[in-house]
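Notes follow the structure.
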Amino acid sequence: MSRANTRAIVAELQRLLPNAHAPYSGVHVSAAVETTDGRLYYGVNVENAAYPQGVCAEASAISVAVTQGPTVIRRVYVASSLPEQVWPCGGCRQKIFEFSQAGCEIVAIGPNGELATRTIEQLLPLGFRLDPAKAPRV
């Protein structure tokens with residue numbers, strides 16, 4: 001991950017924060033998923049009065065990627081309006097785990113652009129994937 005590319009991603013995530021729909025928590029989150037082909041897909045959190053029907057930023061970005069075709073994530077970037085770095089929630093950790101290969105990096109971005117990185121295995125040590133050979137066929 002190049003520094004210039006990372007700076008551009010951080011800037012875009014910060015630009016997207018106001019687009020989040022967070023009238024209940026007041027916490028705006030933006031995320032980018034980088035797929036193995038190097039493309040980036042962005043999303044923001046969208047809260048809903050019929051809790052828990054909202055969508056996390058990470059899930060939003062994953063949905064955009066899958067809609068466009070790519071299904072394997074290499075890296076996830078997360079920024080928020082909080083005064084500290086934020087990490088994906090448990091549900092998003094499982095979604096990331098399911099759509100990534102071993103070693104997928106999660107990059108938490110602080111309010112001043114500071115970065116912290118963990119692998120998905122560090123954040124979700126016992127995540128699970130469906131064995132495609134055992135998936136139901138329709």
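Kindly provide the set of residues from the range 81-97 that are part of a helix (DSSP H, G or I) and surrounded by 16 or more Cβ atoms within 10 Å (Cβ to Cβ), ordered by number. Full working, then the answer.
Filtering the range 81-97 down to residues part of a helix (DSSP H, G or I) leaves 90-97.
Listed by number, the residues that qualify are Cys92, Arg93, Gln94, Lys95, Ile96, Phe97.
The rows are residues; the columns are (1) over 15 Å from Ala108 (Cα atoms); (2) in contact with a strand residue (DSSP E or B) (Cβ under 9 Å, 6 or more places away or on another chain); (3) in a helix (DSSP H, G or I).
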position: Ala11; (1), (2), (3): no, no, yes
position: Pro23; (1), (2), (3): yes, no, no
position: Gly26; (1), (2), (3): yes, no, no
position: Ala32; (1), (2), (3): no, yes, no
position: Gly38; (1), (2), (3): yes, yes, no
position: Pro52; (1), (2), (3): yes, no, no
position: Val64; (1), (2), (3): yes, yes, yes
position: Arg75; (1), (2), (3): no, yes, no
position: Ala79; (1), (2), (3): no, yes, no
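Looking at the range 67-83, which of its residues are modelled with pLDDT under 95 and closer than 15 Å to Ala31 by Cα?
Matches in the range 67-83: none.
Could you run through the range 39-63 and say how many residues are farther than 16 Å from Gly91 by Cα and either surrounded by fewer than 17 Cβ atoms within 10 Å (Cβ to Cβ) or of a type in the set (Phe, Trp, Tyr) (or both)?
Of the residues in the range 39-63, 6 are farther than 16 Å from Gly91 by Cα and either surrounded by fewer than 17 Cβ atoms within 10 Å (Cβ to Cβ) or of a type in the set (Phe, Trp, Tyr) (or both).
Hey, among Gly113, Gly127, which residue is within 21 Å of Arg7 (Cβ to Cβ), modelled with pLDDT under 95 and in a loop (DSSP other than H, G, I, E, B)? Explain how you work it out, then say what you get.
Numbers: Gly127 fails: within 21 Å of Arg7 (Cβ to Cβ).
None of the other options fit; the residue is Gly113.
The values are calculated or read from the model by the stated rules, or taken from the named source; none is laboratory data. Small disclaimer: the values here were computed from a predicted structure and weren't measured. Glycine also receives a Cβ, built like all others from the backbone with ideal geometry; neighbour counts cover every protein chain displayed.
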